Structure formats: C-alpha cells, structure tokens
Amino acid sequence: MQYSHDTHNHTHEAHDHEEMGFWTKYVFSTDHKWIGIQYGITSLLFLLFGFVLMGLMRWQLAYPGTPIPVFGPILEKMLGSAAAGGVMSADLYNSFGAMHGTIMVFLGIVPLAFAAFGNYVVPLQIGAPDMTFPRLNMASYWLYFLGGVVMVISFFLPGGAAQSGWTSYSPLATIIPTQGQTWWLLGMVLLINSSLLGAVNFLATIIQLRAPGMTWMRLPFFVWAQFVTAFLLLLAFPPLEAAGVMQLMDKLFGCSFFLPTGLIISGKVADVSGGGSPLLWQHLFWFLAHPEVYVLILPAMGIVSEILCNNIRKPIWGYKSLVYSLFAIGFLSFIVWAHHMYMTGMGTAISTFFQTTTLIISIPSVIILTVFFITLWGGSIRFNTQMLFTLAFLVMFGIGGLTGLPLGFNFVDLFLHDSYYVIAHFHYIVAPGTIFALFAGVYYWFPKATGRYMCDFWGRVHFWCSLVFMNVVFFPMFTQGIAGMSRRMYDGGVNYSQAANKGLLGALPDSAIYSNVIISIGAWMLLLAQIPFIFNFFWSMRNGRKVESDNPWDATTLEWQTPTPPPHGNFAVEPTVYRGPYEYSVPGAVRDFIPQNEIDNKGKAKAPKS
Amino acid sequence: MSHSSTPAKLHSASHGHHDVASEVRRYLIIFGALTVGTIVTVLASYINFGSPTMNIVVALSIASIKAFLVAGYFMHLISEKKMIYMILGSTTFFFAGLVYLTLWSMHPASFIHHQSYVP
Amino acid sequence: MEIPYTVKERKDTGLYNAKLGIWLFLASEVMLFGALFSAYILLRVGATPGTWPHGLLNVPLGTLNTIVLIVSSVTVVMAWASLKMNQFGKWRMYQAATLVCALIFLVIKSFEYHDKLTHYEVVTKEGDKHHVYDGHLVQEDKDKVVLHPSAHRLYTARAIALGFGPEPAGAHAPADHGAKGHAEKEALVTIQRSTIEHMENYGPKHHPYLAIYFTLTGLHALHVIGGALVMAFFFGPGAKMWKTDPERFTNRIEISGLFWHFVDLVWIFLFPVLYLL
C-alpha cells in the first residue's frame, strides 16, 4: 500500500503551491489540469480560426470572382495583392485551403482531442497525482504554441502562407519561391516534437501511474483510446519529421530528395542534382497521415463511451471487443497508408495489398460502432446536451465511415480520388463525428473543471443548429464528388461546368455548381451556430448553475470522485480501485451506479491486483 | 575510492555491489568484441562476396551483431522487462513495414531479388 | 500526493518512470533514423546504374570515429557502474572521458565536412566544347582556380549529360580531350575563371548521395551535441543531486547513458552504409 517516498527529494508540488507566482501557476504550470485547459482554449481558438478561413473560401466557391462582403477589404488591407479588390485570388484560395487543413488537424483537433481532454482527464481517471513527466508536459504545450505562432506568422510573409495543400507534395512544395512553405515545415517540426513528447508522457503515465487495483481491463475506455492514440503518434510521426527535414534540405540547401532528374520548371531545366523522387515524400507523408486520422477519431470514441454509459445507466456491452478492436486498429493503421496513393502507378500487387489491409481495418471500426449501438439497447436514456451530441456522433460517424469503403477499393477510387466525395467522407468523420464528440466532452466535463453546469438550453440550440447545418454543408458534397467535381478548385468548378463547356460529356452539371451556394450558406449558418457555444462556454464559468455535488452526473469513473475542481495532486490519499469502469445499474446495489473506488457493499474489498 | 556523503544509499534490487563489478569485466570484453567487429567490417568491405547483395548482407550482419552487443549489454536490453520488449518489437515491425512496403511500391519490378546496378 | 515510481521501480512493469520514458523516446528515434535510412535505400535503388559513388569518404577517419564512439559507449556505461558502486570520483573521470570522446568525434566530423565542401566539380566551356573537372581546391584567385584532381569522384546528371559520365565496361569512353590515365590524376589542373560555366562544391545540393550523407550524419551530429550537452550538465551543475538524492542521480546517468548508446547504435549502421558499401 505504501507508494514511493522520496525523502531527500524536494518536490514543489505539494508544499509550495500556494507560494507560486502568476507565471509559474498560470503560464508555465506543470499541473496537468491547467495544461489541459491551456491546450483546450488554444485549440478551440485555432478551430475557430480554421473555420473562419473556410468561411471566407466558401464565398469564393459560391460566387467566384466577386469581392467578399465586409471581410474583403479587411483581407486586402492585411494581405495586400493576394486579396486585391476584396476578391480572393487563386493563390490566396490555395493557401487558405492548405492552412485550413493544417490548422484544423494539427492545431485544432489533435491538441483538443488528445492533449486537452487527455491531459485533464487521464491522470484523474487512473488515480494518478499528475502525468509522469510534468515539466515535459509543459514543454509540449509551449512547443505546440510556438508551432502555432509560426503557422500564423506565415500568413503575413511576402507571398503568404503555404500553398501546396496540407499534404505539401513535392515538387510544388519545394520549388515554390515564396517562404510560406518553409515556415510551414518549421512549424510542423515544432508541432511534431510537441506531439512526440506528449505521446511519451501519456504512455508512461498510463503504464506506470495506474492506482492500485486499476488493472488494464478496469481502465475506462477513454484511457485505452488515449493509450493507443499516443502509441500511434509516437511511432508514426517521426517519418514525417524525417521527410520534413528532407524537404527543408531541398528548399534551403537545394537538395533533390524529392525532385526527379530532368525536372523542368517554367520551360527551363532545373538547376538541381535530381535523382530524387516525389513519391518518396508521399510515402513518408502518408505513413504518418494515415495513423493520424485514427489519432483524430480514437479519443472521440473514448469520450463517447464515457458519456454513453453515464447517460443510459448501463455498462458497455462488449468492453473486451472494444479494447481488442482498438489494438487491431492501432496495428493495422500502420500498413494501410498507400490507399491515399492508388493513383501513383504502383502496380497491381502492392495496391491489392493495401486494398486488402484497408478493408480489413474497416472491421474493427464497425465493431466499435456496433458495440456502442448494442450498448444502447435497454438503456434508460438521459437526453442532456452531451448525450445528444454523443448519439449524433454514432450516426454521423457511421455515415462517414461507411462512405469510406468505396474509397478503399482501388478501382472505385479511380473515379473518386481527389474529388469532393473524399472531402465529404472525411469531414463527416471529423466534423459531425469527432468534433461532436469533443463538444459532448466539453459539456460533460465542464462541471468538474469549473463547478458549474453549462446552460443546457443553449447547449441544445447549439446541438440542433450544428447537426442540421453540418449535414447541409457536407451531404451535397457526396453528389458533387460523384458528378466529378475535383478538390482544390478555386472557382468552385465553373471552368469544368456544362455551362462553360456546352455539349462536353462529363462536364459538371448545374446542380453540382449550384450546390456550392447551398453549401456555403450552410457553412455560414454553421459558423453562426457556434456563437451560442462560445458565449455559453465563457458565461457559464462565472454564472452557470452551480453543481450540487462533486459527481453531478452520477458517474462511476475516478475523476468524479475528487473535489471540484480537483486540487493540485488530485487525490489526498492514493485511491484504490475495486471494480470496473461502468458499474451502472448493478443488480442489488443501493444506487444505480457504483464508483470504481467504492468498496464492496458487503464491506469486503476485492483484492486489488496491480 | 570516494564515498558518497549519504551513508544509507538505496540500491536497486537487481544490482548489488558485486553484480556491478562482474558486469564491468563484461563491458570490457564487449568493448573488445566491438573493436574487432569494426576492423572486420572494414576488412570485409575489400572482399567481394559474389554479388552486391551479398556484400550488403555481410556488412549489415556484422553491424547487427555489433548493435546487438551494444543494445544487449551496454543498454542492458538482454535483461530488460517485457514492456520494453513489446515497445521495441512493435517499433521494429513497423519500421520493417515502412521500408519493405515503400520499396515494393516504388520499385515493383526490380524488387530486392532483381537488383541490377553496377558497383 | 506525490508522483510515485520516480526512483523505485513499479512492481508489475519492473521499471521506474524515466527508464520507460527514455525507451519510448528511443523507439520514436528508431523510426526517425529508420525513415532516413529508407530514404537512402530508395535513392540508391532508384539511381542510374553506375552513378552511385564509392570510396568518396575517408575510411580510416570513419573507422577512427567508430572506435571513438564505441569507447565513449564503454566510458558512459562505466560511469553509471561507478555510481552504482558508490565511486563518485571514478564517475567524474568516466563522464569526462565520454565528453572528450564526443568532442573528438565532432572535430573529426567537421574535418570531413570541410573536406567535402572544398571539393569541387567545375564545368568549363571553351568555344562549344565542354569539359568537366573534379578535385580539391588547392588555390584560387580572381583569375583562376587550381584543382587537385581526385581518383574518387561523383558523376552528376550534368556531367553525364555532357558526356563525362562513368566509363561503363565495354562502352566507348567519352571524348574528354586526353584527360585520363594516372599522370592526369596526379597533376594539378589550372582553370581560367573566364571559361567556367558552373562550379559547385560537394555539398548536399550536388548529388543525392551527398544530400543523404549530410542529412544523416548532420542529424546524427545534432544528437551527439544534444547528448553531450545533457551529460555536460550532469557533470557540472547537475552533479549536486548526488548529495541530496544519489539513487535518482544514478538513474539520470543511466538514462542519459541509454540515449548515448542509441547515438552509438545509429553510427554503427551509418558507418558501413555510407562509408563502405
């Protein structure tokens, strides 16, 4: 029962906390909860910023070549000729597109889903006083922040921000003469290192700091999800860092890692050594970027399982299936990446290999979703805001995931690759998928962090508006994609439309072009729908209805068995865990839930296994 | 031999005073083996083992043995815990996947067995 | 509540926190250098046959650097063993020896880099006849450049296009105006600047082999510097912890030693791959 006592070692945490100055307490904090909040606020701001970029792009798509009202002149003032006359130029469209993707993925979702929620909740849920390496944790946050600063600064460089997509393919990314791409690479190096340090911290924490009795199979599914996510980040990010270093070498020192021999730029043979390959960049990029999409979804699934059980007052049906599916996804995600590269001429044998692994990986994902649906059966559902978002997640992620199946087949991908169908597919998973789960997490855990509820009425307004407009935005994109509309076209496809190419077979139908207007209006409405959320979030911190207890949702997991908000060090005495994470509606129990650290009703403690 | 100022020093359970002393002898033996291995690698590079592939196999095999000695004995991997083996095992698997699958994708025709370059 | 297992091992994993942390980090480093090694393989497999250079790097120096790193690996593990045996003085000696080895390695490396950066390929054009010279820069002024031609050289795409590629067995030799045979390889070559069309040193830009060489060894050198800085910190101000918490200090030396061994491991593969094969 004794835990390690470093008698010689002076840790500041327990003793000197009251004497900490402003900077040590709020800026350079090593407390996982505060770091989680730092990550949370920063990433929510970046999500908003990334969304605003898309809001501006949607004007150009709906009404190509026309000045953007209100914001056009502002853009012109800030960015100069790229927004001449308030019209978004093609270059500006490309750079907003590239940065929208980069910011949403690396500065928004990953820091929010993995770092913010993970940092705040995981140590509490496993009964630990903090992460294993608190100072490393702080360093991770500041590296992330610096990476974000570098990315934002790149907008204001001459020539603007990166323009070669979030995928930064060579040769374009290498030969483009503006500096934005170089800054993008530097920003990515900082962000990757931040994630790597974070991954080390999460893995070590979950392995080493589980409280006595918190066996692997008693972990809340959220912790399992974060564990596998950290594992993906640890092993998948470094090859992208290596590739980033090589692309930097290409740009700064004139190397040809990714430039082929005989490259001709603007009619002239390029003065480079050649001998490299653009495909090498693609392989190294997608080796990360595929596991990255699982990084985007797994924490969300973890959040969903917590909120689901809590609001149906029932345990998960098939906890073990969930865990083994997680292993399968984690493992397989490393060997499917080239399904993003079916069009690169890789030969039938290898593309069949990747097609096979891609289809196999859909199985554990379906298992997870099925487990959640089966779990609902016979549940007594509480329809609070977080539950609404959680239920919507199940359906939306289902649509997103299933629409990915055609893309997994190389012969179907022939028609759908790089079309709006792909955009619809992955946005369904991340936007009404992951982001809904993250919203749910905010409404759910807000009372633990602040001691107050968020307003439930405005939460429902936020939910219904978001749900409707998400579908208005992304559903038409499936039809646009099937009609043949390509991604990344700054004029919304007008150049390829039937109207502009009378009688040409395969040109885009009017319905596809007109959908741009509908989608854009939906996007702006979706943006407006976030205002209640933003207001609710900040207003409720001070004025929200106070919670009646430390466990307002009557939840079983350990974070709800602490004071509100949890103090430095989390637990006064190290908790001991006696049971699993979802003991809701246990027959014969006094209440309809039993916290994990509660001793048996009959007074007999089950022997805690380490 | 200098002594620490704190008399009651906690020892990790697996390393007593004498265990470490005998390990020291082992380190020196491994050092000798590594030096020999380095010389052998250099000398072997002047011998043609039949094909370019064979030369590579020989060089990397010697390097792997040296790496095993450093990792196994200097880094104490040979007596390390299961958790570490699991981490390194999965890393090795994914690294092999990265190299093998990328190579296969980029050079499907001349895959490993059919290298045709002039040394 | 304080963070447990910072020094004492957790029973079921048998590890203390920092040891697990460093191995996790080293796993990510394996993927990082692994990706660069895979780039090496792909660049080499994809190169035009006969153009991948050999013998460009100084094998004796490389061998010496390999031995230096191996010695440093021994001294770093001996440093940890000394602390385990309560011999602080011996620890200081071994820690210092490790740092000296690191310094020697970096000095030799910079010498090698300098050697490459003073080796030039010069393309001249007189009339409409091109010539490609290749060698070390011996002397230069505003009128001329003097090179010492080298036996081992690279064949860039530019040189090959001008007919100055490697001589394939059996094929006709490029017309190179009598520039062949032993005599040519010893004598210095003077080139008038006015005839120079293109002059480039053996930096990373020059050829994919050099690009991957500089990137791999450069990243490795950065890790050498990083590891040396950490060990220097422990040698200096960090050593105070020996008085207050000797076991935790010993663990820190073990952790930094593990990182250092990894740096040695990378070099064990770098050396044959870049210098010998």
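Only the coordinates and a few stated rules stand behind these numbers; no lab work does. Not measured: the values here are computed from a predicted model. With ideal geometry, Cβ positions are generated from the backbone for all residues, glycine too; neighbour counts draw on all protein chains shown.
A few notes on this one:
- Altogether, the Stokes-Einstein calculation at 37 °C and 0.692 mPa s, with the Kirkwood radius of the range C:180-277 over Cα pairs as Rh, returns a diffusion coefficient of 185 µm²/s.
- Cβ-defined net charge surrounding B:SER79, 11 Å radius [Lys, Arg +1; Asp, Glu -1]: -2
- Rounded, prolate or oblate (a/c below 1.5 giving rounded, otherwise prolate when a/b exceeds b/c) for the protein assembly as shown by Cα gyration tensor: oblate
- Inter-label distance, nm, simple model (7 Å from Cα along the C-beta direction), A:TYR169/A:ARG487: 0.9
- Mean separation of Cα contacts under 8 Å, 6 or more apart, over the residue count of chain C: relative contact order %: 25
- Note on the range A:111-229: percent of Cα-Cα distances in each 10 Å bin, starting at 0 and stopping at the bin with the largest distance, equals 13, 36, 23, 17, 9, 2.
- Neighbourhood charge, 14 Å Cβ-Cβ cut-off, centred on A:LEU234 and excluding it, Lys, Arg +1 and Asp, Glu -1: -3
- The residue among A:GLY398, A:HIS417, A:ALA499 whose Cα reaches farthest toward the positive pole of the charge dipole of the range A:385-546, with charges on the beta-carbon of Lys, Arg, Asp and Glu, is A:GLY398.
- Degrees, to the nearest 10: A:436-450 long Cα axis against longest axis of chain A: 40
- If the segment from A:VAL590 to A:THR352 were pulled out straight at 0.36 nm per residue, it would be longer than the present Cα-Cα gap by 80.1 nm.
- Pair-distance distribution of chain C: all C-alpha pairs, bin width 5 Å, starting at 0; shares per bin in whole percent are 1, 5, 10, 13, 13, 12, 10, 8, 7, 6, 5, 4, 3, 2, 1, 0, 0.
- With contributions of -39500 (n - 2.57) from each DSSP H run of at least four residues, the per-residue ellipticity at 222 nm computed over the protein assembly as shown stands at -19500 deg cm²/dmol.
- The mean count of C-beta atoms from other chains within 10 Å of the C-beta of residues in C:211-217, rounded to a whole number, is 4.
- Between A:VAL272, A:THR564, A:LEU369, the Cα set farthest toward the positive side of the dipole of chain A (charges on each charged residue's Cβ, about the Cα centre) is that of A:LEU369.
- Convex hull of Cα atoms in the range A:165-209, direction-averaged projection (nm²): 3.6
- Unit Cα scatterers, Debye sum, the range A:410-480: log10 I(q)/I(0) for q = 0.17 Å⁻¹: -0.70
- C-alpha long axis of helix A:221-253 to longest principal axis of chain A, angle in °: 30
- Mean Cα-pair separation over length for chain A, i.e. relative contact order, pairs under 8 Å, 6 or more apart, %: 16
- The relative contact order of the range B:21-79, computed from alpha carbon pairs under 8 Å that lie at least 6 residues apart in sequence, is 38 percent.
- 16 Å reach of a label modelled at A:ASN543, 7 Å along Cα-to-Cβ, counting backbone N of the range A:438-468: A:452-459
- Net charge contributed by nearby residues that have their C-beta within less than 14 Å of A:PHE202 (K/R +1, D/E -1): 0
- Rounded if a/c under 1.5, otherwise prolate or oblate - the range A:401-451, Cα gyration tensor axes: prolate
- Computed magnitude of the charge dipole of the range A:264-395 (debye, nearest 20; Cβ of K, R +1, Cβ of D, E -1): 420
- Global form of the range B:21-79, assessed from the alpha-carbon gyration tensor, a/c cut-off 1.5: oblate
- Take each residue of peptide A:204-212, count the partner chain Cβ atoms within 10 Å of its Cβ, and average: the result is 6.
- Checked against a 26 Å cut-off, the cross-linked pairs C:LYS109/C:LYS205; A:LYS320/C:LYS8; A:LYS251/C:LYS125; C:LYS19/C:LYS243; C:LYS90/C:LYS243 give Cα-Cα distances beyond that limit for A:LYS320/C:LYS8; A:LYS251/C:LYS125.
- Normalising by residue count, the range A:385-546 has a Cα convex hull of 104 Å³ per residue.
- Charge-dipole axis of the protein assembly as shown as Lys and Arg at +1 and Asp and Glu at -1 on Cβ define it, positive-most pick from B:PHE95, C:GLY226, A:PHE533: A:PHE533
- Tail fraction, Cα-Cα pairs, the range C:1-51, threshold 18 Å, whole percent: 57
- Only Lys, Arg, Asp and Glu carry charge here, each on its Cβ (+1 for the first two, -1 for the last two); on that basis chain A has a dipole of about 860 debye about its Cα centre.
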